[in-house]
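*Asks:* Below: one structure in structure tokens.
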Amino acid sequence: MSDKLKIVIRPVVTEKSEKMKTEKNQYTFEVARSANKTEVGKAVEQLFKVKVKQVRVMNYDGKPKRMGVYAGKRSNWKKAIVTLKKGEKIESLER
């Protein structure tokens, strides 16, 4: 995977991710399922012009969902927690 826009899909905004952002300088993103830690780190550095210290990734299985008689499943997805070096921050994701 070479295109950085296809690797980082969207930021994950939750209460926990906001707390991690302020206390630990960690940002959370939904990333492509085929991306590895190295690709995620390079994509974040190029997209947001910051220095990445550490990347952690985790895979999530989609939850089963029902709509009346019809049963289905949400898509599987991958989440990455990116720790930035001290003094760095992503301005576009700050509130």
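*Asks:* Fully extended, how many nm does the chain gain between residue 60 and residue 33 (0.36 nm per residue separation, minus their Cα-Cα distance)?
*Replies:* 8.8 nm
*Asks:* Could you order the peptides 30-39, 60-69, 7-16 from most to least packed, using the average number of other C-beta atoms within 10 Å per residue?
*Replies:* Final packing ranking: 30-39, 7-16, 60-69.
*Asks:* Let me ask something else. Output wanted: per-residue J couplings in Hz (rounded whole) for the stretch 67-81, from phi through Karplus 6.51 cos²θ - 1.76 cosθ + 1.60, θ = phi - 60°, x for Gly and Pro.
*Replies:* 9, x, 7, 8, 10, x, 8, 6, 5, 6, 8, 10, 10, 10, 10
*Asks:* Using alpha carbons only, how many degrees (0 to 90, rounded to 10) separate the axis of helix 37-48 from the longest principal axis of the chain?
*Replies:* For helix 37-48, the angle is close to 70 degrees.
*Asks:* With semi-axes √(5λ) of the Cα gyration tensor in Å defined as stated, name the option among (i) 35, 20, 5; (ii) 27, 16, 10; (iii) 23, 13, 11 computed from the structure displayed.
*Replies:* Read-out from the structure maps to (ii).
*Asks:* Could you give the length gained on full extension between residue 95 and residue 13, defined as 0.36 nm per residue of separation minus the Cα-Cα distance, in nm?
*Replies:* Full extension of this stretch gives 28.4 nm more.
*Asks:* Please give the FRET efficiency for residue 69 paired with residue 5, using the beta carbon to beta carbon distance and R0 = 41 Å, rounded to the nearest 0.05.
*Replies:* 0.55
*Asks:* Given H placed 1.01 Å from N in the peptide plane, which residues other than close sequence neighbours of residue 9 have an amide H under 5 Å from its amide H?
*Replies:* For residue 9, whose amide H was placed from the backbone, the distant partners under 5 Å are 30, 31, 32.
*Asks:* Quick one: angle between helix 15-24 and the longest Cα principal axis of the chain, in degrees between 0 and 90, rounded to 10, please.
*Replies:* For helix 15-24, the angle is close to 20 degrees.
No lab work stands behind these numbers, since they all come straight from the coordinates. Just so it is clear, the structure is predicted and the values come from calculations on it, not from any experiment. Please note: Cβ atoms are built from the backbone with ideal geometry, for glycine as well, and neighbour counts cover all protein chains shown.
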